[in-house]
Amino acid sequence: MNDSIKVLMVDDEEQFRATTRKLLTRKGFDTLLAGSGEEALEQLEKQPDVVILDIKMPGMDGHETLREIRKRTPDTPVIMLTGHGDLPSAKEAQRSGAFDYLSKPCDIDLLAAKISDAFKTRQKGARPSERKIREAMIPFEEYASISSDQTIQEAIRALKDTFASRMSTSRLMETGHRSLLVLGANGEVQGVMTIKDLLEAIMPAYLSAPKPSMADSIQYSPMFWSGMFTLEVRKLASKRVGEVMSPRPSTIDADSNLMEAAFLMVTQNERRLLVLQGTRPVGVIREQDLFFEMARIRQA
């Protein structure tokens, strides 16, 4: 869906622009860059669908640039980026015709949601209705996964990679998944591997076994705990993912409402749900995705 949305990113910080382009491109947006207000006006000839505009820039600042964009292409929605201390300035920009604003640092998922909303508003001429699960989820092919017969050592490496692959600056970040989907031989989802699963797996059985009357004083002494963590992690490394993983997450239909996802997470104590289209997995909706929706709605 995002591959039809052309975004113009306007910011005077070169590294921020480059990082933003990489993150938005990965989410399917066609991203143009401009390092100043003057350059942004030149880029309007390429007819961007949505403009992301930093308020504080040397020379032609965001407010002046916004006014000129409104004169030249009044139907182009503009999302303002502002520091936490510049909230009044952002609200002023919204009164001047900006579609919305985000405080920096802003999560890339929230920024992507705002871009999609702005695009829909331009297409329909009105604010979008509440989004469905499919519009807020992480697509299945983008979620990190591992085979159930791989080792825990491989799972630890894969989980670590989901954090290492995040690209960020001081003002933009991408949220790591913090879990792996565990797939069977035929690609079916069998379970999920989380950091909590790994921590539970390194707990020796005797820690939860009935203790003799004097054991408490021994258990909590420095000598008792010394070296235990390293020893248990090394013992765990050769086990298979299928032995340690949590069960497959509860499922929800891609066309379901967000409140249904929230209800399932709360009542079933789950942090993520597997999203289905019919019987086929198409994505994962996480608790942070619902939080991003809360933030988006609160600012609308």
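The values are calculated or read from the model by the stated rules, or taken from the named source; none is laboratory data. The structure displayed is predicted, hence computed values, not measured ones. When we count neighbours, we look across all protein chains shown, and the Cβ atoms used for this are built from the backbone with ideal geometry, even at glycine. For the accessible areas, the whole protein counts, side chains as well, though only heavy atoms, and no ligand, DNA or RNA atoms are used. Shrake-Rupley method; radii C 1.70, N 1.55, O 1.52, S 1.80 Å.
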### Query
Any residue in region 205-224 that is of a type in the set (D, E, K, R), open to solvent by 40 Å² or more (accessible area, probe 1.4 Å), modelled with pLDDT of 95 or more and assigned to a helix (DSSP H, G or I)?
no
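Filter region 228-248 down to the residues that are polar (S, T, N, Q) and outside any helix (DSSP H, G or I), then identify the one that is surrounded by the fewest Cβ atoms within 10 Å (Cβ to Cβ).
As a first pass, look at region 228-248 and keep what is polar (S, T, N, Q): 230, 238, 246.
Cutting the leftovers down to outside any helix (DSSP H, G or I) gives us 238, 246.
On the way: 238: 9, 246: 15.
Restricting to residues being polar (S, T, N, Q) and outside any helix (DSSP H, G or I), the top hit is 238.
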### Test result for residue 24, in a helix (DSSP H, G or I), open to solvent by less than 70 Å² (accessible area, probe 1.4 Å), closer than 23 Å to residue 123 by Cα and touching a residue at least 24 places away in the same chain (Cβ under 8 Å)
yes
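Could you tell me whether region 75-82 includes any residue that is buried (at least 18 other Cβ atoms within 10 Å of the Cβ), within 25 Å of the chain's Cα centre (by Cα) and hydroxyl-bearing (Ser, Thr, Tyr)?
Yes: one or more hits.
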### Task
Return the total of residues in region 111-124 being open to solvent by less than 20 Å² (accessible area, probe 1.4 Å) and either of a type in the set (Lys, Arg) or under 18 Å from residue 286 (Cα atoms) (or both).
4
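Among the residues of region 267-281, write down those that are open to solvent by 20 Å² or more (accessible area, probe 1.4 Å) and closer than 20 Å to residue 182 by Cβ.
Quick first cut of region 267-281, residues open to solvent by 20 Å² or more (accessible area, probe 1.4 Å) only: 267-272, 276-281.
Listed by number, the residues that qualify are 268, 269, 270, 271, 272, 276, 279, 280, 281.
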### Message
I'm checking my understanding of the structure. Among residues of region 125-156 that are assigned to a helix (DSSP H, G or I) and open to solvent by less than 30 Å² (accessible area, probe 1.4 Å), which one is modelled with the lowest pLDDT?
### Response
136
### Query
Looking at (1) open to solvent by less than 10 Å² (accessible area, probe 1.4 Å); (2) at pLDDT 90 or above; (3) among the hydrophobic types (A, V, I, L, M, F, W, C), can you tell me which one residue 90 breaks?
(2)
## Note on the structure
Only unsatisfied item for residue 260, checking (1) within 27 Å of residue 154 (Cα to Cα); (2) among the charged types (D, E, K, R); (3) not in a loop (DSSP other than H, G, I, E, B), is (1)
## Note on the structure
Selection from region 252-292 of residues over 18 Å from the mean Cα position of the chain (by Cα) and either small (Gly, Ala, Ser) or within 13 Å of residue 140 (Cα to Cα) (or both) yields 256, 276, 277, 278, 280, 281
#### Entry: One residue from 53, 102, 8, 33 being open to solvent by 30 Å² or more (accessible area, probe 1.4 Å) and outside any helix (DSSP H, G or I)
33
